[in-house]
Amino acid sequence: MSKNITQKIIERHLVSGRMIPGEEISIRIDQTLTQDSTGTMAYLQLEAMNIDRVKTKLSVAYIDHNTLQQGFENADDHKYIQTVASRYGIYFSRPGNGICHQVHLERFGRPGWTLLGSDSHTPTAGGIGMLAIGAGGLDVAVAMAGGPYYLTMPKVCRIWLEGKLQPWVSAKDVILKILSILSVKGGVGKVIEYAGPGLASLTVPERATITNMGAELGATTSIFPSDENTRAFLRAQGREDMWIPLEADPDASYEEELLLDLSEIEPMVAKPHSPDNVESVRETKNVRVDQVAIGSCTNSSYLDLIKAARILKGKTVHPDVSLVIAPGSKQVYTMLSRNGAMADLIDAGARILESACGPCIGMGQAPASDAVSLRTFNRNFYGRSGTASAQVYLVSPEIAAVSALTGRLTDPREYGEPPRVEMPEFFTVNDNGIIPPANNPESVEVVRGPNIKPFPVNSELTDMVEGKVLLKMNDNITTDHIMPSNAKLLPFRSNIPHLANYCLTPVDETFPQRAGESGGGFLVAGHNYGQGSSREHAALVPLYLGIKGVIAKSFARIHRSNLINSGIMPLTFLNEEDYSKIDPEDILIIENAIGQIKAGNRIVVRNQTKGSDIITEMDLSQRLKEVILAGGLLNYTGKREKV
């Protein structure tokens, strides 16, 4: 039977289930990655599983998020991650070595393998032909312990690429165009698979930009074939022996298809405050610009930054613009330094940041009040930059560099000849920023600083679930709303009690106090609740505050999984009109909760305040029902081990 790329990789890694869209399957995981914002929690959970060493072919712990060391907290977390990685057989990428997705693409990604990462942009590695999926830290911990990863078999959507990009048009414009067509919900339950003659002109770094922002479509992941371009990239990285050819069979079938002619795409921009609020720069141009930031896991490759350097060479950044640039990895930083491009950037007036996520996650470089910031990043959610009043636009490195010179959002096609850049024949390789695990793990002392607190664990579900509606929210509530991730809070990612004081405060500043006084309760939301980051803190902190269930019109994939892993019920309205029948402070009751969950997918929620019943759905596999009944994945895993 003919198969597409997604089916081929899943079939080779299938542990249980059938490859029928909508059915639960489990797959074997070859590699995992964590980063320091999610890593401490993932490794605390790994330790709780009482294993000697990780069971994956390769696991890597990256330090790239919490790199500002204003106090002991981040440094303590880094020491904990380094020692626990050494103890359990995990490679450790030091602070400054680079952003996890950029480094993993350069040094570890392998076509045809599976990768599970505790970061929503793990699909970046799909640019090299991996089935790379973002997940919560607990799912990653289970995979490191040798367990399979469970997911709903996705539909596979093929995007057929024709033609070739015009001058000044880049991979960033391609994914923004796709977002304008499909929206931030258009990829939910799907893998986006790329094919067609247009592939020939796209390098691996360009493909990685596209798969990176597939996360903004809500997709399970995105993937490109492994072809001669993939082989050339691996050869340039000194890893050609890891290359395999991988493509869909000629008559493979897909649930959905989209045709995209690369030659028809213009320079694009995502306007505030959503990655799918997209139009052409031609329509939006001349917006005054205060800040330009080039970097992030989306656009910090050598090819991205050498283009920016060529544009800026011999020129000066506009006096009203602050330009900051963060190379994606030590490799990129080194190569730019050796060939003089770094000097060109500095001479033009750019401020060079370390190789880390930095401003993309709100870790420094917050814009001024009411400022306009052009960023080559992947998300422009309200307040994510650290300045609530800022207007953040997402653009390509080419648009960013040209606009930094003009002081206005500029269509680069008006600027002149584009820089001519080709992928290097060889990249500079020096892996001394990656520390291998200890050969004698029993000698390693795992160091835990005072900022590392135990993670909350739920109790088994009771037959009567009752609580007040603590908050009613609209559509597209992000994990940045649920658990803010700014520079002040990131150092406390391993301290759930402290983070609880800030849960959902961007929506309602009184929420933490009211949740504590009420002993928990329910949350109500619109569509796409929990979009954005994979951070399971957005489930763990509500768990700590006593949240029993979330009733929404729809959920983002990773956050829904994190809620289930924490033992919090993710309930969807059977009839969306019922959303209007619930108000804040209403008392909700689920009677015979255990029986209802065992009986099927329909859950009756009684609105005691209004004297009415609301029918909700919790469409779970038998295994996930048992996870909810046990009070979360850790409890479920522990119960199975005792059997």
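Values quoted throughout were computed directly from the atomic coordinates according to the rules given, and no laboratory measurement underlies them. Here the structure is a predicted model, which means the values were calculated and not measured. We place every Cβ from the backbone using ideal geometry, glycine too, and count neighbours over all the protein chains shown.
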Which lysines does K3 reach when only Cα atoms under 24 Å apart count, and residues fewer than 8 places away in its own chain are ignored? K155, K190
Radius ratio Rg over Rh of the range 377-536, counting only Cα atoms, Kirkwood formula for Rh: 1.10
Calculated from the structure, Cα extents along the principal axes in Å equals which of [x] 67, 57, 46; [y] 121, 76, 62; [z] 70, 56, 53? [z]
Full extension from E414 to D52: what is 0.36 nm times the residue separation minus their Cα-Cα distance, to one decimal in nm? 124.3 nm
Within the range 98-134, list the residues whose amide N lies under 12 Å from a label point set 7 Å along Cα→Cβ of D431. 104, 106-109
Express the relative contact order of the chain as a whole percentage, based on alpha carbon pairs under 8 Å and six or more residues apart in sequence. 14
Expected output is a single nm value to one decimal: the length gained when fully extending between A599 and N474, i.e. 0.36 nm times separation in residues minus the C-alpha distance. What is it? 41.9 nm
Return the FRET efficiency for the residue pair V444, T505: r is the Cβ-Cβ distance, R0 is 35 Å, and the value is rounded to the nearest 0.05. 0.35
Gyration tensor verdict on the range 284-411 (Cα atoms; rounded if a/c is under 1.5, prolate if a/b is larger than b/c, oblate otherwise): oblate
Could you tell me whether the range 487-532 comes out rounded, prolate or oblate from its Cα gyration tensor? Rule is a ≥ b ≥ c as square roots of the eigenvalues, rounded for a/c under 1.5, then prolate if a/b exceeds b/c, otherwise oblate. oblate
Grab the range 465-642 and count how many Lys pairs have their alpha-carbon atoms under 23 Å apart, sequence gap of 8 or more, or different chains. 23
Using a simple spin-label model with points 7 Å from Cα along the Cα→Cβ vector, what separation in nm is obtained for I346 and S621? 5.3
Arrange the peptides 532-538, 520-526, 44-50 so that the one whose residues have, on average, the most other Cβ atoms within 10 Å appears first. 532-538, 520-526, 44-50
Tell me the label-point distance for the pair E422, E247, using the 7 Å Cα-to-Cβ offset, in nm and rounded to one decimal. 2.3
With label points built 7 Å along Cα→Cβ from the Cα atoms of S518 and R12, find their separation and express it in nm. 5.0
Out of all DSSP beta bridges in the range 465-642, what portion is antiparallel? Express it as a percent rounded to 5. 50
Global form of the range 465-642, assessed from the alpha-carbon gyration tensor, a/c cut-off 1.5: oblate
What residues from the range 511-525 fall in the zone where the backbone N is under 18 Å from a label point 7 Å along the Cα-to-C-beta line of M464? 519-522
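Using a Förster distance of 35 Å, how high is the FRET efficiency between L258 and S580, based on the Cβ-Cβ distance and rounded to 0.05?
That gives a FRET efficiency of 0.55.
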